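Below is one structure, written out as structure tokens; the observations come after it.
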Amino acid sequence: MIPDATPSGDISKDRLRLWLKLLKAQSAIEAEIRRRLREDSATTLPRFDVMSALFRHSKGLKMSQISGLLKVSNGNVTGIVDRLVEDGQVIRVAVPGDRRAQLARLTPAGITAFERLAQAHEGWLNTMLGGIDEADIAALAAQLDNITDHLEADHAN
């Protein structure tokens, strides 16, 4: 478990400043992605995220599975899926043996639309993070993995 006591020395303040910088960078990137999705493709980040989950699970997902993957409520997912169905990008398919359950699955039009969005998304991120070279990417990714591993180990105890 993470101790509640503040470590002595400047490292504590440095870690706090680092955390704030991580939040600022994440917020700036997310805001720009949201803006570009809205302006360039007339869509939203939550809609993109639902389509992405369905694209990765081509056999389809239940609403609860989508909400679990995206860490959002079933109600939010259901509304997004409803609109994607209305737009012809998603279909609902009955789950064999469970009359109440349905899977959401991308239609061919949904797959095409998502592939176009995903390509644009990758290009935007490549541009936004263009000042980071391969060595820095690897080093930063390793450090972020270390943070995650540390938190997960502390949480397991």
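Throughout, read-outs are computed from the coordinates displayed, never taken from laboratory work. Please read these numbers as outputs of a predicted model, since none were measured by experiment. Quick reminder, even Gly has a Cβ in these numbers, built from the backbone with ideal geometry, and neighbours come from all protein chains shown.
The ranking of Glu115, Glu86 by Cβ neighbour count inside 10 Å, starting from the fewest, reads Glu86, Glu115. Fewest-first ordering of Val50, Val95, Val81 by other beta carbons within 10 Å of each residue's beta carbon gives Val95, Val81, Val50.
Fully extending the segment from Lys62 to Ala109, taken as 0.36 nm per residue of separation minus the present Cα-Cα distance, adds 14.9 nm. Given R0 = 22 Å, the distance between the Cβ atoms of Ala138 and Leu18 translates into a calculated FRET efficiency of 0.75. Working from the Cα coordinates of the chain, the gyration tensor eigenvalues give, after taking √(5λ), semi-axes of 36, 22, 13 Å in decreasing order. Taking a Cβ cut-off of under 11 Å around Met63, the surrounding Lys, Arg, Asp and Glu residues balance to a net charge of +1, with basic ones at +1 and acidic ones at -1. Residues Leu70, Leu37, Leu18, ranked from the fewest to the most other C-beta atoms within 10 Å, line up as Leu18, Leu70, Leu37. Per residue, the average separation of C-alpha pairs within less than 8 Å and at least 6 apart gives the range 44-156 a relative contact order of 23 percent. For Thr107, the residues 5 or more places off, or on other chains, whose built amide H falls under 5 Å of its own are Val90, Ile91.
Over the chain, dividing the summed -39,500 (n - 2.57) contributions of all DSSP H runs of at least 4 residues by the number of residues returns a 222 nm mean residue ellipticity of -23500 deg cm²/dmol. Residues in the range 50-67 carry Karplus couplings, in order, of 5, 4, 4, 4, 5, 5, 6, 10, 5, 7, x, 9, 6, 4, 5, 5, 4, 5 Hz; the curve used is 6.51 cos²θ - 1.76 cosθ + 1.60 with θ = phi - 60°, and Gly or Pro positions show x.
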